[in-house]
Amino acid sequence: MSLVTVTDLTKHFADNTAVNNVSLSIDKGKCIALLGPNGAGKTTTIKMLAGLLKPTFGTIQFEGSEERDYRNLIGYLPQYPAFYRWMTGKEYLVYAAELSGLPDGEAKEKAEELLKMMGIEEAAKRRISTYSGGMKQRLGLAQAMIHDPKLLILDEPVSALDPVGRYEVLEMIRKLKEKTTILFSTHILHDAEEVSDDIYIIRNGEIVLSGTLQELQEEHQQPVIVIETAEKNEEWLGQLETYAFVANVASTRAEIRIEVNDVDEARNQILKDILSFNIKVKTFKVGYTSLEDLFIKKVTE
Amino acid sequence: MDLNWALIAPVIILEFILMIVALVDVIKSDDTNGPKWLWVLVILFIGFLGPILYFVIGRKR
Amino acid sequence: MGQWFILFKKECMESWRNYKWLWMPSVFLILGLMQPITTYYLPDILATAGELPEGSEISIPIPPAPDVIAATFGQFSQIGILVLVLASMGIVAGERASGTASMILARPVSRFSFISAKWAAMLLLTWLSYLVGYAGSWYYTFLLIGEVEATNAIGAFFVYGLWLTFAVTLTVFFSTILKNAGIVAFLSIGSLLVISALSHTLTKLLAWSPGRLSVHASSIVSTGEGADHFFLALSVSIGIIIVLLILAYYLFKQKELVE
Ligand SMILES: Nc1ncnc2c1ncn2[C@@H]1O[C@H](COP(=O)(O)OP(=O)(O)O)[C@@H](O)[C@H]1O
Ligand SMILES: [Mg+2]
């Protein structure tokens, strides 16, 4: 069941189209990754969802909410969260909670609960100006959660963190996933693989591929032959491109990756070629492309 | 000149308080817009506008 | 607690932590006290400066008390306005530039509440600072120079306060539509100077201008009555303040929040 349905979302800026006809369906209880390289349009999409940018076209429909102002249903963590440096962490959370309509006492309770959950309760009474990047990110998550939103929108929640912070925040998201629906953006496939159920790959403002993690792994994997050689043979590389069974050839100095449609035919022909071109093969491997390959292909092609 | 110090004292005290509060803040703060020592000089030597300048543009928001 | 009041309280708290509650009243009080003091001691100061030839009599008449209050308005119009502009230039611009505004406005907060709470909190601070400075000036003038009729002094207080209100509203307006606080300060001070200068020269043409409020206030403090076209200037000023606030809201509503 869809919690949010985004249809044909488009955003033109004065000199470019940042988001073009993006449609998403965010199912209740799922964790959705918006995956794409820098400049793909992730932040622009998310800001439209958060009501901070006006879409040029397209609609955002919340389930059961006919009213246009659905801001209380979402919790938003921007890519670069900015807090009032003069407040303490707890003051900020209480302020955020009160603005979202929680009564005084409940706001305080909720703030304490979240500070504890995020593991920053010992810094609760310190000015935010003294917080580290990781602590600010946790505070950002806490403020996004404080009013129990139906949808959490997190813009690159781990990109700015070091490996440890990244691991910890991903764990946190995994925990939050139990309770609420999450949409988060990232430019790193690994992050998406770690925690998401559904993935939307976005590039140049358009969704180029989407599906559940499993679907993507299964449906889009392609047989690939990887050959490690002592030296590069340009003539043979040229020849490979011409075969009908070859879908794509990528080569570095020492390695050739040949994506193929028909593994058996390909194997036979390539083994023949190796002899006739006198290729100095070190390894020969037949396997399948990974999600990584798919992602790189989708964002570079 | 026969000054009535009782009348002038409040002004001096006020300026003094501003200066002290600004100095304490500049020393306590871990970061200012521009070098700290410069702000200390500004606070001490530009009259009562020195502390004000510090509060307005010297402190990091 | 209503949402507007939560926003308002946060602004007051921020001003407290920024020491604005300390330094703004201090500036106005120093200005207010210094005016009667320097007026009173001016003859002595000139005498000790000793520029005058031997034997010449110095006769600088001490001005009447209402003139000292009027001169205090002059002080407030320079350093006072400068301080008000500096204190309010970043009030919205700073939050937009840093991105704190987007995190607040992603919550169900109306943009009108967001702006008007800031405006109101700034005005509270302005009027309090001004009150302190004005009362100080009045009291010292009474001690050193002479009495000013209470009704005149109070009337002038409110009329001149409206000019300060206009100055703050204009700064908040620029702060809403621009992201750079420096440019906000520059435009605010620039336009206040121009408005003030033009209103003092083109007295007929700009009889309605808020820039004439200080003239009216000075007139009220000595005669109990405003200068010509007082009520015109008063009502137009109030109108402009309201229009500026609504316009700020309207333009802010159109704004997209990008850092
Ligand atoms: N306010 C803006 N004005 C003009 N162009 C913008 C603006 N914001 C983003 N863009 C452009 O839109 C594209 C998408 O940006 P963004 O959504 O920030 O990408 P991402 O978050 O995926 O890195 C980029 O080419 C960027 O330069
Ligand atoms: Mg981004």
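Accessible surface computed residue by residue for chain C, with neighbouring protein chains in place and a 1.4 Å probe, gives 42 Å² per residue. Helix B:5-28 and the longest principal axis of the C-alpha atoms of chain B enclose an angle of approximately 10°.
Karplus-based coupling profile of segment A:21-38, in residue order and whole Hz: 6, 8, 10, 9, 10, 9, 7, 4, x, 8, 10, 10, 9, 9, 10, x, x, 4, with θ = phi - 60° in 6.51 cos²θ - 1.76 cosθ + 1.60 and x standing for Gly or Pro. When both segment C:9-52 and segment C:107-174 are represented by their alpha-carbon centers, they are found 16 Å apart.
Interface of B with C. Using a 1.4 Å probe and counting protein heavy atoms only, the two chains hide about 2100 Å² of accessible surface, both sides summed. Two tests apply to each whole DSSP H helix in chain C, Cα reach of 24 Å or more along its axis and mean Kyte-Doolittle hydropathy of at least -1.0, and the ones passing both are C:20-49, C:111-144, C:150-177, C:181-201, C:230-254. The distance from the alpha carbon centre of segment A:280-301 to that of segment C:193-259 is 71 Å, rounded to a whole number.
Over 19 Å apart at the Cα level, from the set A:K150/C:K118; A:K116/A:K136; A:K30/A:K177, are A:K150/C:K118. Computed with every protein chain present, the accessible area of A:D162 is close to 90 Å² [probe 1.4 Å].
For helix B:36-45, what angle does its Cα long axis make with the longest principal axis of chain B, in degrees from 0 to 90 and rounded to 10? Taking the Cα atoms of chain B, the angle to B:36-45 is about 10 degrees. Each Lys and Arg contributes +1 and each Asp and Glu -1, all at the Cβ; summed about the Cα centre of segment A:228-288, the dipole is approximately 260 debye. Please check: in the Gaussian network model of chain C (C-alpha springs, under 10 Å), which one of C:E225, C:E95, C:E14 has the largest mean-square fluctuation. In the Gaussian network model the winner is C:E14. Inter-chain Cβ neighbour count for A:84-94, averaged per residue, equals 3 (cutoff 10 Å, partner chain atoms only).
Report the local net charge at A:K110: Lys and Arg +1, Asp and Glu -1, summed over other residues whose C-beta lies under 12 Å from its C-beta. Walk me through the numbers before you get to the answer.
Numbers: positive: A:K90, A:K108, A:K116; negative: A:E98, A:D104, A:E106, A:E109, A:E112, A:E113, A:D148.
Charge balance near A:K110 sits at -4.
For segment A:2-210, give the percent of accessible area contributed by carbon and sulfur heavy atoms, probe 1.4 Å, rounded to a whole number. Could the numbers behind the result be given before it?
Numbers: 4080 of 8440 Å².
Here carbon and sulfur together make up 48 percent of the probe-accessible area.
Over the protein assembly as shown, dividing the summed -39,500 (n - 2.57) contributions of all DSSP H runs of at least 4 residues by the number of residues returns a 222 nm mean residue ellipticity of -18000 deg cm²/dmol. Here's how it looks for A:E206: its modeled amide H is under 5 Å from those of A:N20, which are all 5 or more places away or on a different chain. Annotation for the A:C interface, with buried accessible surface near 2600 Å², both sides summed [1.4 Å probe; non-protein components not counted]. A straight Cα-to-Cα reach below 17 Å connects A:K298 with the lysines A:K42, residues fewer than 8 places away in its own chain not being considered. Look at the alpha carbon pairs under 8 Å that are at least 6 residues apart: their mean separation over the length of chain C gives a relative contact order of 27 percent. Normalising the average separation of contacting C-alpha pairs (under 8 angstrom, six or more residues apart) by the number of residues puts the relative contact order of chain A at 20 percent.
Might you tell me the accessible area per residue for segment B:2-58, computed with a 1.4 Å probe and given in Å²?
56 Å²
Under the combined filter of DSSP loop state and at most 11 neighbouring Cβ atoms within 10 Å, segment A:134-227 retains these GluC sites (Glu not before Pro): A:E178. Tell me the relative contact order for segment C:120-248 as a rounded percent, counting alpha carbon contacts under 8 Å between residues six or more apart. Dividing the mean separation by the residue count of segment C:120-248 yields 30 percent.
The values are calculated or read from the model by the stated rules, or taken from the named source; none is laboratory data. These numbers come from a predicted model, not from an experiment. With ideal geometry, Cβ positions are generated from the backbone for all residues, glycine too; neighbour counts draw on all protein chains shown. Surface accessibility is based on the protein's heavy atoms, side chains included, excluding ligands, DNA and RNA. Shrake-Rupley method; radii C 1.70, N 1.55, O 1.52, S 1.80 Å.
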